[in-house]
Amino acid sequence: MIKVSELSFLEEEVVDNYKFLHTIPELGFQEYKTAEFIEKQLKSYGVDELHTGVNNTTGIICSITGATPGKTVLLRADMDALPLRESTDVDFRSQRDGFMHACGHDGHVAMLLGAVKFLAENREIIKGRVKFVFQPAEEGPHPGGAHFMAESGLLDDVDAAFGLHLNTCSPTGSVGIPRRECTASTDSFSMKVIGKGGHGAAPYLAVDPIVLTSNIISSYQSIISREIDPRSTAVLSFGTIQGGDGASNIIPNEVFLNGTLRTFDDEVKRFIVKRMEEVAQSLASAHRGRVEFKVIEGYFPTINDERMALLVRDALLPLLGEENVDLADLANTGGEDFGRYLQDSPGAFYWLGCRNEEKGCTYMMHNPNMKIDLDALILGTQCHVNVALKFLMEE
Ligand SMILES: [Zn+2]
Ligand SMILES: [Zn+2]
């Protein structure tokens, strides 16, 4: 067990790395400066295998092999930022106007770099191998960075995968480990509802796509409330509805719609998609219109392996204390592409608290005022190190 006190020599460096990364936010698949910085640090720490530009992206994968042979464990950080103008008062604010690390991925990189440095200097305690993934584009665009890392062939020998995400909703020093479901699948859909335009005063001579659209929208809510087992989770929300050009007396030719569908179960997802298409087509024919319906596949749900969730708890309990480690049903209908790694090997994803009311670190992720408590960073390094060592030590 590696205590925080044993990592304290690293804390300043982890925090400095974080502050620097916070000044250079870059969007998904464009993390050039970020990747350059990570590569420079990894070279100075001395890793065994270093792959940059993984699968023609900005992704980086490296490994550290221990003194004795054993299993291979993956630790992952994402490195992209958001198109958002920062409003915080920190002295290491974003130097790129209109971009901000508002999801804590700069913290994820800094924490994982800390783990690399510690393990590179302490190979004798590693039984097996640790692979470190610095992936691009967790926030998108689809199919996201995890897909390219997983498809690179560099992770085929991984026995288990672990990742964490900072969480401004829980206090620093606490960890939330979802027993199974973490984040939902994030498919989106789009639809063109086609009628026949005409004069608003004579709808019988037209085919009104607006009335048809309103029927589709309300019928979709019944798919969720009347056709899905209430013990399953499903969310269906519309994000865009566009039709007409502003005139009050013109029935438009067509209406465009899109939205998002969130579930934790592939079967539930397939059923809803099938019913969405059937309902749209049958309403369209009832209203003499047509519908073009398209589903855009998003991220897999992130579903923890229960044994791996227990392993994370066992690794962190002695360090953080019983009252600070919560292994529970913590499903969240947000999205996260860590689920892609869990398609190939068991593993777990967990939430690391970084909320501190006294320091004003209370805003949610994706908010321009979002700040993390810097004291959480070295705890994240400690979590990574202990989870990886615990997995490698287990038979
Ligand atoms: Zn995010
Ligand atoms: Zn995130």
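The values are calculated or read from the model by the stated rules, or taken from the named source; none is laboratory data. Just so it is clear, the structure is predicted and the values come from calculations on it, not from any experiment. Glycine also receives a Cβ, built like all others from the backbone with ideal geometry; neighbour counts cover every protein chain displayed. Heavy atoms of the whole protein, side chains included, go into the accessibility calculation; ligands, DNA and RNA do not. Shrake-Rupley method; radii C 1.70, N 1.55, O 1.52, S 1.80 Å.
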Legend entry - Candidate lysines for bridging to residue 359, where Cα separation is under 21 Å - those fewer than 8 sequence places away on the same chain excluded: 19, 371
Inset, instruction - Name the aspartates and glutamates eligible as straight-distance cross-link partners of residue 33: C-alpha to C-alpha under 12 Å, and not fewer than 8 places from it in the same chain. - result: 80
Inset, instruction - Using only Cα atoms, tell me the angle between helix 209-227 and the longest principal axis of the chain; keep it within 0 to 90° and round to the nearest 10. - result: 50
Legend entry - Separation between Cα centres of segment 281-299 and segment 334-367, rounded to whole Å: 35
Legend entry - Heavy-atom accessible area ranking, 1.4 Å probe, most first, across 248, 185: 248, 185
Legend entry - Accessible area of the chain divided out per residue, in Å², using a probe of 1.4 angstrom: 43
Legend entry - Computed over segment 187-296: relative contact order in percent, which uses C-alpha pairs under 8 Å that are six or more apart: 43
Legend entry - P(r) histogram, all alpha-carbon pairs of segment 1-101 included - 5 Å bins from 0, percent: 2, 11, 17, 20, 20, 15, 10, 5, 2, 1
Inset, instruction - Select from segment 123-222 those GluC sites (Glu not before Pro) which occupy a DSSP coil region and have at most 16 other Cβ atoms within 10 Å, ordered by residue number. - result: 151
Inset, instruction - Starting from the Cα-Cα distance between residue 288 and residue 36, subtract it from 0.36 nm times their residue separation and give me the gain in nm to one decimal. - result: 85.0 nm
Inset, instruction - Collect residues whose amide H, placed 1.01 Å from N in the peptide plane, falls under 5 Å from the amide H of residue 254; neighbours closer than 5 in sequence don't count. - result: 195, 244
Inset, instruction - With the full set of protein chains in place, find how many percent of the accessible area of the chain is carbon and sulfur; take the probe as 1.4 Å. - result: 49
Inset, instruction - Return the long-range amide H neighbours of residue 361 (sequence gap of 5 or more, or a different chain), with a cut-off of under 5 Å between placed amide H atoms. - result: 356
Inset, instruction - List, in order, the whole-Hz ³J(HN,Hα) value for each residue of segment 16-23 obtained from phi through the Karplus relation with A = 6.51, B = -1.76, C = 1.60 and θ = phi - 60°; use x for Gly and Pro. - result: 4, 4, 4, 4, 5, 4, 5, 7
Legend entry - Hull shadow area, averaged, segment 272-395 [alpha-carbon convex hull, nm²]: 11.9
Legend entry - Dimensions (Å) - segment 187-296, Cα atoms, principal axes, largest first: 47, 24, 19
Legend entry - Distance (nanometres) between label positions extended 7 Å along Cα→Cβ at residue 256 and residue 151: 2.6
Inset, instruction - Could you check what % of the DSSP bridge pairs in the chain are antiparallel, to the nearest 5? - result: 65
Inset, instruction - Over the chain, consider all pairs of different Cα atoms and compute the Kirkwood hydrodynamic radius from their mean reciprocal separation; express it in Å, one decimal. - result: 22.6
Inset, instruction - Tell me the Kirkwood hydrodynamic radius of segment 166-237 in angstroms, computed as one over the mean inverse distance between distinct C-alpha pairs. - result: 16.8
Legend entry - Karplus-derived HN-Hα couplings along segment 92-101 (A = 6.51, B = -1.76, C = 1.60, θ = phi - 60°), whole Hz, x at Gly and Pro: 10, 4, 3, 9, 10, 4, x, 10, 7, 7
Inset, instruction - Just list whichever of 3/71; 71/117; 40/117; 40/71; 269/294 have alpha carbons separated by over 18 Å in the model shown. - result: 3/71; 71/117; 40/71
Legend entry - Projected label distance in nm at residue 89 and residue 237, using a 7 Å step from Cα toward the beta-carbon: 3.1
